[in-house]
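For reference, the structure is listed below as structure tokens.
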Amino acid sequence: MRSTGTVLRELRGAQKTARGVSLYSRYVNRPAGRLFAAAAYRIGLTPNQVTLASAAFTFSGIAAVALVRPSAGLALLVYAALAVGFALDSADGQLARLTGRGGPDGEWLDHVVDCAKMILVHTAVLISFQRYGGVPGTGWLLLPLGFLFTAVLTFCAGLLREQLGRAAVRPGTGAAAPASRLRALALLPADYGVFCLVFLLLGDRDAFRTGYAALAAVHALFLVLFLVKWFGELRALRTDG
């Protein structure tokens, strides 16, 4: 079996493109995922098993948001669970590329877990608001529902953009543009890893509500920008002239 150092070097050379990836994912989550992927390789885990481990951490953190009264201690535990789950979500793909054991089943499982995560995390916030207060009035309960709508629509539209674009692209259309550091910086507010940080405020109800609402507004703005961009890109791939 290859040494850990060798595995880490091979993983660094088998990364996805940095184009369209925020600075957090590029410099925090992917390197953390690389360490998890190397550890998973050493103990003989499959990519799908790493995906399930990611789901276990993520869903445990989400369940705690819904079922446990907010506190500073809970905030740390929830953030740690979500951050580790996100890093493992990066590790499964890296392990698949390292071992050549990826496949459509793994990609499907990864997307199912991602979709469930987006639905449940905002549902958990809604339940927490309802059970433990932290909102000035019942109208605030619409906030998690709006954030949920934004997150799921962004996920589905982005996935369709990727799949339809891949099917329609024609050979010889040129290489993709290089990764932009400025764009990676601009994408930070829309990164799931940055979203996880808001749960560090969970012990202070007012601070958490404010931070959560601010991110909801930013994500809604990004959704509009993404929809316009993706529609234009797919329209440009039409073959009817």
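Taking 0.36 nm per residue of separation and subtracting the Cα-Cα distance, full extension of the segment from TRP140 to ALA157 would add 3.5 nm.
Express the accessible area of the chain per residue in Å², computed with a 1.4 Å probe while the remaining protein chains stay in the model. Spell out each step's value before the answer.
Values: 12630 Å² over 241 residues.
Solvent-accessible surface per residue comes out at 52 Å².
Regarding the range 28-122, what is the average projected area of its C-alpha convex hull, in nm²? If you can, show how the numbers build up before the last one.
Numbers: hull surface 24.4 nm².
Average projection, Cα convex hull of the range 28-122: 6.1 nm².
Helix-only arithmetic for the chain: the sum of -39500 (n - 2.57) across DSSP H runs with n ≥ 4, divided by the residue total, places the mean residue ellipticity at 222 nm at -24500 deg cm²/dmol.
When +1 charges are put on Lys and Arg Cβ atoms and -1 charges on Asp and Glu Cβ atoms, the dipole computed for the chain relative to its Cα centre reaches about 600 debye.
Comparing ARG183, ARG30, ARG209 in a Gaussian network model of the chain (Cα springs below 10 Å), the most mobile by mean-square fluctuation is ARG183.
Expressed as a whole percent, the accessible area of the range 10-122 that falls on carbon and sulfur atoms is 67 (1.4 Å probe). Looking only at LEU182, LEU143, LEU202, which one moves most when the chain is put into a Gaussian network model with springs between Cα atoms under 10 Å? For the chain, modelled as a Gaussian network with Cα springs under 10 Å, the answer is LEU182. Residue separation of ARG183 and LEU225 scaled by 0.36 nm, minus their Cα-Cα distance, works out to 13.8 nm of gained length.
The values are calculated or read from the model by the stated rules, or taken from the named source; none is laboratory data. Given the structure is predicted, the values throughout are model-derived calculations rather than measurements. Please note: Cβ atoms are built from the backbone with ideal geometry, for glycine as well, and neighbour counts cover all protein chains shown. Keep in mind that these areas ignore ligands, DNA and RNA; they rest on the heavy atoms of the full protein, side chains included. Shrake-Rupley method; radii C 1.70, N 1.55, O 1.52, S 1.80 Å.
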